[in-house]
1. Can you tell me which of 96, 52, 119 is closer than 15 Å to residue 21 by Cβ, out of contact with any helix residue (DSSP H, G or I) (no Cβ under 7 Å at 6 or more places or on another chain) and in contact (Cβ under 8 Å) with a residue 60 or more places away in the chain?
2. Does any residue of the stretch 46-53 turn out to be in a loop (DSSP other than H, G, I, E, B), surrounded by fewer than 14 Cβ atoms within 10 Å (Cβ to Cβ) and either touching a strand residue (DSSP E or B) at 6+ places or on another chain (Cβ under 9 Å) or modelled with pLDDT under 95 (or both)?
3. Of the residues 9, 36, only one is out of contact with any helix residue (DSSP H, G or I) (no Cβ under 8 Å at 6 or more places or on another chain), surrounded by fewer than 22 Cβ atoms within 10 Å (Cβ to Cβ) and under 24 Å from residue 94 (Cβ atoms); which?
4. Show the residue pairs that are 6+ apart or on different chains and have beta-carbon atoms under 9 Å apart, the first residue being within the stretch 1-22 and at positive phi and touching a residue at least 12 places away in the same chain (Cβ under 8 Å), the second being surrounded by fewer than 20 Cβ atoms within 10 Å (Cβ to Cβ) and in a loop (DSSP other than H, G, I, E, B).
5. Would a scan of the stretch 55-62 turn up a residue that is more than 19 Å from residue 120 (Cβ to Cβ), without any contact (Cβ under 8 Å) to a residue 60 or more places away in the chain and in a helix (DSSP H, G or I)?
6. Is it true that residue 9 is more than 21 Å from residue 111 (Cβ to Cβ) and within 13 Å of the chain's Cα centre (by Cα)?
7. Could you check, for the stretch 10-31, whether at least one of its residues is out of contact with any strand residue (DSSP E or B) (no Cβ under 9 Å at 6 or more places or on another chain) and part of a helix (DSSP H, G or I)?
8. Could you grab me the full set of residues in the stretch 75-108 that are modelled with pLDDT under 90, surrounded by fewer than 17 Cβ atoms within 10 Å (Cβ to Cβ) and assigned to a loop (DSSP other than H, G, I, E, B)?
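The values are calculated or read from the model by the stated rules, or taken from the named source; none is laboratory data. This structure is a prediction, so every number in the text was calculated from the model and none was measured. Cβ placement follows ideal geometry from the backbone for every residue including glycine, while neighbour counts extend to all protein chains displayed.
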């Protein structure tokens, strides 16, 4: 069983770790570091290479909000690969993620993260034997 976190809820769904960020706004170094540490800990405890990050609750994301995602991506890659799919982004967050080229919904760019509209779609994209 995964630990209880302050900024995240976690679950394993069809062999995929789902991290749901519970904060409405991600701004400030202290919050970004807290989310980073919780994401890294949840991933470390799960021993799962495929991860979905659900941003459905996040209405605002400053540039420090990229740090937890990039650090988690680095940890997964260092441990032998895997994938992260970000899902359920609010329109403003989605615009920022696309403008910075951190996500792609088509797989046509070298973005570090894929995007799906829902948690279920994200889990299905990772469970379908997609590349790791």
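1. 119
2. So far as the stretch 46-53 goes, yes, one or more of its residues are in a loop (DSSP other than H, G, I, E, B), surrounded by fewer than 14 Cβ atoms within 10 Å (Cβ to Cβ) and either touching a strand residue (DSSP E or B) at 6+ places or on another chain (Cβ under 9 Å) or modelled with pLDDT under 95 (or both).
3. Going through 9, 36 in turn, just one is out of contact with any helix residue (DSSP H, G or I) (no Cβ under 8 Å at 6 or more places or on another chain), surrounded by fewer than 22 Cβ atoms within 10 Å (Cβ to Cβ) and under 24 Å from residue 94 (Cβ atoms): 9.
4. Between residues of the stretch 1-22 that are at positive phi and touching a residue at least 12 places away in the same chain (Cβ under 8 Å) and residues that are surrounded by fewer than 20 Cβ atoms within 10 Å (Cβ to Cβ) and in a loop (DSSP other than H, G, I, E, B), the close pairs are 15/48.
5. Taking every residue of the stretch 55-62 in turn, none turns out to be more than 19 Å from residue 120 (Cβ to Cβ), without any contact (Cβ under 8 Å) to a residue 60 or more places away in the chain and in a helix (DSSP H, G or I).
6. Here the answer is yes, as residue 9 does meet what is asked.
7. Checked the stretch 10-31: at least one residue is out of contact with any strand residue (DSSP E or B) (no Cβ under 9 Å at 6 or more places or on another chain) and part of a helix (DSSP H, G or I).
8. Within the stretch 75-108, 79, 80, 81, 105, 106, 107, 108 meet the criteria.
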